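Remarks on the structure that follows.
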Amino acid sequence: MSAETTGNASSAYIKHHLTNLTYGQHPDGSWGFAHTTAEAGEMGFWALNVDSLGWSIGLGVVFLLIFRSVAVKATSGVPTGLQNFVEMIVDFIDTTVKEAFHKANPLIAPLGLTIFVWVFLMNAMDLIPVDFIPQAFHLVGIDNMKVVPSTDPNVTMGMSFSIFFLILFYSIKEKGAGGFFNELARNPFEHPVFIPFNLFLEILNLVTKPISLGLRLFGNMYAGEMIFILIALLPAWIQWSLSVPWAIFHILVITLQAFIFMVLTIVYLAMAHESH
Amino acid sequence: MNINATLIGQAISFAIFVWFCMKYVWPPLTAAMEERQQQMSEGLANAEKAQEELDLAMSEVENQLKEAKLQSAALIDKANKRANQIVEDAKGIAIQEGDRLKQSAQADIEQEMNSAKEALRQQVAVLAVAGAEKILSSSVDQNAHSEMLNNLAAQL
């Protein structure tokens, strides 16, 4: 086997691991799964990454089932086991929200909790060895399977655009459309001449928020996943020496990214509620 | 890596999850936690109150003890006085009784003495008459001289 074929095999392996299971309409008009990224691209916008969506919804359901089961049985007595753990997370979110968000809004804290736990679970899929689940699906005939939903920009951007929508909604609700426009038009330079310049800056600033929010999570998780894939290219007997330290370090990264996503969401929404 | 409708799917599921969390997960959990917090603060307040009450009761007990001691001391004092009084009274009565007994004994003695004297006088008169009779033999008229002798005896 020449170096070139090894290289091709490696690159094919990497590409394969980075290909979503996309369902959509082929250019020839038939519906079905795409086999390559290029084919998925040809399907245009109206296609679904079934793997990303499936894992993300599955993990969200797991999160809600666990928390709901605790919420149903929650007592004010001495908490035990799972209730203790859940309450610790709830208390942590509650404290974070209270520190950053000073208005009364019953949506913010549950939103923070959902983001933190859900994103954490999606990121945590990164810790499962890269070949386990794809190989299992390969055995039942499904070729492409990306198991970490947060390495799919659709997933992270889907969430960050939802938050962008909330930012716009609460800005207009709290300050009125005129107040919101005023805020955009009169900062940072309060002079009629600067209105177009201010609008340009502030709208750019506004639009950057969801994009940076979504891309930050995606970029971190994608890079982490990529390193796991690269480690998986090494001979099997040596992989542990790199994958174990990276996995341990990654525990920190996935928690931190989930936390950052949540905190920034809270901060953006707090800014939407308060006029400067 | 293509941007496609997954974006919308994710946004919809995100909205549903947040709604579910807001409706069915967050409120019961925070309610339970708040209730526990309430119970804890109530418990602490109760403990504090109980401690205060205990302190109060302790000082009350001390006061009552002090008062009881004072009262008992007063009672003992009174009892001692009363006992002394009784002893004094008894002494007085005893002395009076003794005096009375002594007096009556003296009176008895005097009376006894007088009657003895009387008897002796009688006997002296008889003896004198008998003596005189012996001396004078039967020359003396007993009737004629008895009055004189009785007078003599009365003078004794």
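The values are calculated or read from the model by the stated rules, or taken from the named source; none is laboratory data. Bear in mind that the values here come from a model prediction, so they are computed numbers and not experimental data. A quick note on method: Cβ atoms are made from the backbone with ideal geometry, for glycine too, and the neighbour counts reach across all protein chains shown. Please note that ligands, DNA and RNA were not included when accessible areas were found on the heavy atoms of the full protein model with its side chains. Shrake-Rupley method; radii C 1.70, N 1.55, O 1.52, S 1.80 Å.
A compact table of results
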| item | result |
| --- | --- |
| Any hit, region A:202-209, residues being under 16 Å from the mean Cα position of the chain (by Cα), open to solvent by less than 60 Å² (accessible area, probe 1.4 Å) and aliphatic (A, V, I, L, M) | no |
| Members of region A:84-104 that are within 20 Å of B:Phe20 (Cα to Cα), open to solvent by less than 30 Å² (accessible area, probe 1.4 Å) and more than 10 Å from chain B (Cβ to nearest Cβ) | A:Val97 |
| Single residue of region A:232-246 satisfying the filter (assigned to a helix (DSSP H, G or I) and in contact (Cβ under 8 Å) with a residue 60 or more places away in the chain) that is nearest to A:Leu264 (Cα to Cα) | A:Ser243 |
| B:Asn2, sole failed condition from (1) part of a helix (DSSP H, G or I); (2) at the interface with another protein chain (Cβ under 7 Å from one of its Cβ atoms) | (1) |
| Residue match in region A:66-83 (condition: open to solvent by 80 Å² or more (accessible area, probe 1.4 Å) and away from chain B (no Cβ under 11 Å)) | yes |
| Members of region B:9-51 that are open to solvent by 70 Å² or more (accessible area, probe 1.4 Å), more than 60 Å from the chain's Cα centre (by Cα) and more than 7 Å from every other protein chain (Cβ to nearest Cβ) | B:Ile12, B:Ile16, B:Trp19, B:Lys23, B:Glu34 |
| Residues of region A:40-64 satisfying the condition of being open to solvent by less than 50 Å² (accessible area, probe 1.4 Å) and either hydroxyl-bearing (Ser, Thr, Tyr) or part of a helix (DSSP H, G or I) (or both) | A:Ala40, A:Gly41, A:Asp51, A:Ser52, A:Leu53, A:Gly54, A:Ser56, A:Gly58, A:Leu59, A:Gly60, A:Phe63, A:Leu64 |
| Complete set of residues in region A:46-65 that are more than 7 Å from every other protein chain (Cβ to nearest Cβ) and touching a residue at least 60 places away in the same chain (Cβ under 8 Å) | A:Asp51, A:Trp55, A:Leu59 |
| Yes/no for A:Val78 being in contact with a helix residue (DSSP H, G or I) (Cβ under 6 Å, 6 or more places away or on another chain), more than 24 Å from B:Trp19 (Cβ to Cβ) and modelled with pLDDT under 90 | no |
| Odd one out for A:Pro106 among (1) part of a helix (DSSP H, G or I); (2) at pLDDT 90 or above | (1) |
| Options A:Phe120, A:Phe161: the member that is within 7 Å of another protein chain (Cβ to nearest Cβ) and open to solvent by 30 Å² or more (accessible area, probe 1.4 Å) | A:Phe161 |
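Per-residue answers, yes or no, for (1) modelled with pLDDT under 85; (2) within 14 Å of chain B (Cβ to nearest Cβ):
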site: A:Ser11; (1), (2): no, no
site: A:His17; (1), (2): yes, yes
site: A:Gly24; (1), (2): no, yes
site: A:Glu39; (1), (2): yes, yes
